[in-house]
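Notes to accompany the following structure.
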Amino acid sequence: MLSNRQKLAMVGPQAFSEKCLDSSDMNWFVQSTDVFFPALKKICVDEKDEDLFKHIDTAQGEKIVVLVNQWHMEGIEHHWAHRYG
């Protein structure tokens, strides 16, 4: 079985985060980034979450479909719950 480091080296960072991690692994990485690199997480994750939520919230139409990276699911859900309960 390959380690996460080996998988990362084989497929690259974007494919690794999208294809090699389940949601619990993804949450672990996001939370670890928050602990060890809070400024980086604020720029790369938190600000993008807010921007994505604003686009989703102001989208026109009765129904919309949104496809986002796993990194941003928790943040978008947080913004959604804060706005709509």
Output for Cβ contacts, cut-off 9 Å, separation at least six or different chains, first residue polar (S, T, N, Q) in the range 32-44, second assigned to a helix (DSSP H, G or I), reads T33/L40; T33/K41; T33/C44; T33/V45
Taking the residues in the range 13-25 that are surrounded by 14 or more Cβ atoms within 10 Å (Cβ to Cβ) and assigned to a helix (DSSP H, G or I) as candidates, determine which candidate is farthest from the chain's Cα centre (by Cα).
-> F16
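Let's see how each residue does on (1) exposed (fewer than 15 other Cβ atoms within 10 Å of the Cβ); (2) closer than 22 Å to P13 by Cα; (3) acidic (D, E):
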| site | (1), (2), (3) |
| --- | --- |
| N27 | no, yes, no |
| K42 | yes, yes, no |
| E47 | yes, yes, yes |
| H55 | yes, no, no |
| T58 | yes, no, no |
| E62 | yes, no, yes |
| N69 | yes, yes, no |
Is it the case that some residue within the range 42-64 is aromatic (F, W, Y), modelled with pLDDT of 90 or more and in a helix (DSSP H, G or I)?
-> yes
Of the residues M73, M10, M1, which single one is part of a helix (DSSP H, G or I) and either modelled with pLDDT under 85 or of a type in the set (S, T, Y) (or both)?
-> M10
Which of the residues that make up the range 26-41 are farther than 19 Å from N4 by Cα and assigned to a helix (DSSP H, G or I)?
-> D34, V35, P38, A39, L40, K41
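The values are calculated or read from the model by the stated rules, or taken from the named source; none is laboratory data. Given the structure is predicted, the values throughout are model-derived calculations rather than measurements. Please note: Cβ atoms are built from the backbone with ideal geometry, for glycine as well, and neighbour counts cover all protein chains shown.
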